[in-house]
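Colleague: Take this structure, written in structure tokens, and hold onto it; I'll ask about it next.
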């Protein structure tokens, strides 16, 4: 799993067929660990017992952890102007004030997979109890719990 987690940056925005290949590797690994046959379902056990994420959700998790580090100035080579809330875009008070603002809207499919656009979109989809975390460890725990719930709903 550490090698798969390390490679998220490469395959995170890959096409569905690539993600399906990685998904098969993860399921085969779990079947090997649990000594289960090929026909037996392991999806529910994968998330409930092991707490493992499927490839798409692994990528989302890594992206959101990096976004947290950017927003909390834990990543020094990004300026504070990389992402900002909607409060700085206009002077009106709206219900989305705490959401991040995406300065550039992509015009191509490749643009929608960039870290800048996808990271902001993912961050804005998180509930407040996750985004309001101040410590990285608390944030990671809340985020993983949230993503596992979404993954379980998609099974």
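Colleague: Treat the count of other C-beta atoms within 10 Å as a stand-in for reagent exposure and order 113, 47 from fewest to most.
Modeller: In increasing order of surrounding Cβ atoms, one gets 113, 47.
Colleague: Here's something else I'd like to know. Grab the Cα-Cα distance for residue 121 and residue 41, subtract it from 0.36 nm times how many residues apart they are, and report the gain in nm with one decimal.
Modeller: Result for the pair: 25.6 nm of gain on full extension.
Colleague: Moving to a separate point now. I need 27, 145 ordered by Cβ neighbour count within 10 Å, fewest first.
Modeller: By the 10 Å Cβ count, ascending, the order reads 145, 27.
Colleague: Moving on. Give me the number: length gained by fully extending residue 48 to residue 108, i.e. 0.36 nm times residue separation minus the C-alpha to C-alpha distance, one decimal in nm.
Modeller: Between residue 48 and residue 108, full extension yields an extra 17.9 nm.
Colleague: Ranked by Cβ crowding within 10 angstrom, fewest neighbours first, how are 105, 70, 147 ordered?
Modeller: 105, 70, 147
Colleague: Can you grab the distance from the C-alpha centre of the range 53-67 to the C-alpha centre of the range 110-124, Å, no decimals?
Modeller: Taking the Cα centre of each part, the range 53-67 and the range 110-124 sit 12 Å apart.
Colleague: Specify whether the C-alpha gyration tensor of the range 12-60 places it in the rounded, prolate or oblate class, a ≥ b ≥ c being the square roots of the eigenvalues: rounded for a/c under 1.5, otherwise prolate if a/b is larger than b/c and oblate if not.
Modeller: oblate
Values in this text are rule-based calculations from the coordinates and carry no lab data. It should be emphasised that the depicted structure is a prediction, and the values quoted were computed from it without experimental measurement. For neighbour counting, all protein chains shown are included, and Cβ atoms are generated from backbone atoms with ideal geometry for every residue, glycine included.
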